[in-house]
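The values are calculated or read from the model by the stated rules, or taken from the named source; none is laboratory data. Treat the numbers as computed from the prediction; the structure is a model and nothing was measured. As a convention, Cβ positions derive from the backbone with ideal geometry for all residues, glycine included, and neighbour counts pool all protein chains shown. We work out accessible area using only protein heavy atoms, side chains counted, and drop any ligands, DNA or RNA first. Shrake-Rupley method; radii C 1.70, N 1.55, O 1.52, S 1.80 Å.
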Amino acid sequence: MSAQPKPRILFSRDEVEDKVKKLATEIRRDYLGKRPLLIGVLKGSFMFMADLIRLLDFPLEVEFIRLSSYGGGRESSGKIEVVQGLRSVVKGRDVLVIEDIVDTGLTISFLLDCLRKKEPASLKLCVLTDKPSRRQTPVTIDYLGFTVPDKFVVGYGLDWDEQFRYLPDICILEEED
Ligand code: IMP
């Protein structure tokens, strides 16, 4: 990848909007009346989480957790750290984790294992984008937005070295000619 990669649209903002509506319908159907705890994984999930939650018109709680595994580069280091932890009690709650992308699966597996130890009543995973070709550990995704190819994906909250989060579409980074 050159120093100036260029984003190319993979899923347009309209496609993203339709997908978020579809996911919200499924989540509403499954969690209505349960007062779930939605845990967004920072930073990449912030835009997805904000749009999703606005479509969930029933009582729920919102939390964020921040993990670090990439250290500013593009390859997962496999070493995951909790940079900002949870304040809410997880025991006995219906927990839904909201993640931007599952790549190797190492980050989300680490988080789900940590949460499972806290004995939630239920634990499910909602993911905006899935890159199954790079998986190193199996991950069950309960609510999935898009499957993406083995390319670096940015936009709609996803970054490349803190760039491109602001893009309203989900894009692939390509080398500039
Ligand atoms: P994993 O542990 O390899 O599954 O990586 C998960 C984390 O790596 C995600 O939460 C993202 O922060 C980051 N990541 C992996 N692939 C991409 C990508 O294509 N674009 C942006 N971030 C990515």
Could you list all residues from the range 88-107 that are under 16 Å from Ser133 (Cα atoms) and either of a type in the set (Phe, Trp, Tyr) or under 9 Å from the mean Cα position of the chain (by Cα) (or both)?
Ile101, Val102
Long-range neighbours under 6 Å by Cβ, at least six apart or interchain, first residue modelled with pLDDT of 70 or more within the range 62-73, second among the acidic types (Asp, Glu) and open to solvent by 70 Å² or more (accessible area, probe 1.4 Å):
Ser68/Glu81
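Check Ser133, Ser88 and return the single one that is open to solvent by less than 40 Å² (accessible area, probe 1.4 Å) and of a type in the set (Gly, Ala, Ser). It would help to see each step written out before you state the result.
Values: Ser133 fails: open to solvent by less than 40 Å² (accessible area, probe 1.4 Å).
Criteria check complete, one pass: Ser88.
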Hey, can you tell me all the residues within the range 85-122 that are part of a strand (DSSP E or B), more than 16 Å from the ligand (Cβ to nearest atom) and among the acidic types (Asp, Glu)?
Asp94
Restricting attention to the range 136-154, which residues are part of a loop (DSSP other than H, G, I, E, B) and open to solvent by 60 Å² or more (accessible area, probe 1.4 Å)?
Gln136, Pro138, Thr140, Asp142, Asp150, Lys151
Name the single residue, out of those in the range 34-63 being charged (D, E, K, R) and in a strand (DSSP E or B), that is farthest from the chain's Cα centre (by Cα).
Glu61
Of the candidates Leu60, Leu112, the one satisfying the condition of being of a type outside the set (Asp, Glu), over 20 Å from Phe146 (Cβ atoms) and in contact with a Phe, Trp or Tyr (Cβ under 9 Å, 6 or more places away or on another chain) is Leu60
